[in-house]
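**Student:** Would you mind keeping the following structure in view while I ask a few things?
The values are calculated or read from the model by the stated rules, or taken from the named source; none is laboratory data. Given the structure is predicted, the values throughout are model-derived calculations rather than measurements. Counting neighbours? That spans all protein chains shown, and the Cβs are built from the backbone with ideal geometry, glycine included. Side chains included, ligands, DNA and RNA excluded: accessible areas come from the protein's heavy atoms. Shrake-Rupley method; radii C 1.70, N 1.55, O 1.52, S 1.80 Å.
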Amino acid sequence: FRALNIFERLGDQRSVLAACLNIGFDLAERGEHARAAEFSNRVLEAARRGGVEAEAVVGAYLNLGASHFWQGDLDRAIDEYASALAESQAAGLKLQVFRTRYNLAEAHFERFKQQGRTDDEAAGDRHLQAVLDTPASEASPAIVEAARSLKATILGLSPAAAPDRLLPGEAAAHADAMA
């Protein structure tokens, strides 16, 4: 908040918006969703007047989506994430497209789990596949790894055991011969 005040006094609009995004996400993470929305909406209102970078707009939509997701309002979360995806695709922001698709997959799988809507499972699968198909130069290794088990984690499915891997507690009887 101090940084925001300083940037406002300096008239540094770009830094003001960046501070709003950071504060908004922090508030949402702490469960202060109404206040978080105020900061994200401040960024979106500035964007309507023009001159705001696409990264900031995408960040605001992602923050709003996350806030709604944490509140359990999956319909609004998906709407906000869809806005973030459209904005990031239009601006050619590949990393933001990647992150947004992961969030959309998560929200669709969660709504499928709660409501049983098969269109949500299909949408989650499409977004998840897009995450997994993303070139390494446009992806985050940690998110790709999390994506591999996202559906199973959310839906409570146990992944099938890999036949070429030892299970916990197993040991190779003839390790030298197997090697």
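**Student:** Given Leu44, Leu27, Leu93, Leu64, which one is open to solvent by less than 20 Å² (accessible area, probe 1.4 Å), of a type outside the set (Lys, Arg) and in contact (Cβ under 8 Å) with a residue 24 or more places away in the chain?
**Tutor:** Leu64
**Student:** State which residue is most open to solvent (accessible area, probe 1.4 Å) when the search covers only the stretch 96-119 and only residues that are over 10 Å from the mean Cα position of the chain (by Cα) and closer than 13 Å to Ala77 by Cα.
**Tutor:** That would be Glu110.
**Student:** Still on this structure, I have one more. Going through Gly31, Gly65, Gly59 one at a time, which residue ends up being closer than 30 Å to Lys113 by Cβ, touching an Asp or Glu at 6+ places or on another chain (Cβ under 7 Å) and of a type outside the set (Phe, Trp, Tyr)?
**Tutor:** Details: Gly31 fails: touching an Asp or Glu at 6+ places or on another chain (Cβ under 7 Å); Gly59 fails: touching an Asp or Glu at 6+ places or on another chain (Cβ under 7 Å).
Among Gly31, Gly65, Gly59, only Gly65 is closer than 30 Å to Lys113 by Cβ, touching an Asp or Glu at 6+ places or on another chain (Cβ under 7 Å) and of a type outside the set (Phe, Trp, Tyr).
**Student:** Another question about this same structure. Hey, could you check the stretch 47-61 for residues that are in a helix (DSSP H, G or I) and without any contact (Cβ under 8 Å) to a residue 12 or more places away in the chain and say which is farthest from Glu8 (Cα to Cα)? So that I can check it myself, show each step before the final result.
**Tutor:** Step one: filter the stretch 47-61 for residues in a helix (DSSP H, G or I), giving 47-49, 54-61.
Then drop every residue that is not without any contact (Cβ under 8 Å) to a residue 12 or more places away in the chain, which leaves 48-49.
Working: Arg48: 19, Arg49: 17 Å.
Filtering first and then ranking leaves Arg48.
**Student:** Being within 17 Å of Val58 (Cα to Cα) and open to solvent by less than 60 Å² (accessible area, probe 1.4 Å) is the filter here, so list the residues in the stretch 3-21 that pass it.
**Tutor:** Ser15, Val16, Leu17, Ala18, Ala19, Cys20, Leu21
**Student:** Something else: So is Ala36 touching a Leu at 6+ places or on another chain (Cβ under 9 Å) and either touching a residue at least 12 places away in the same chain (Cβ under 8 Å) or farther than 24 Å from Leu95 by Cβ (or both) or not?
**Tutor:** Considered against the rule, which asks whether it is touching a Leu at 6+ places or on another chain (Cβ under 9 Å) and either touching a residue at least 12 places away in the same chain (Cβ under 8 Å) or farther than 24 Å from Leu95 by Cβ (or both), Ala36 comes out as yes.
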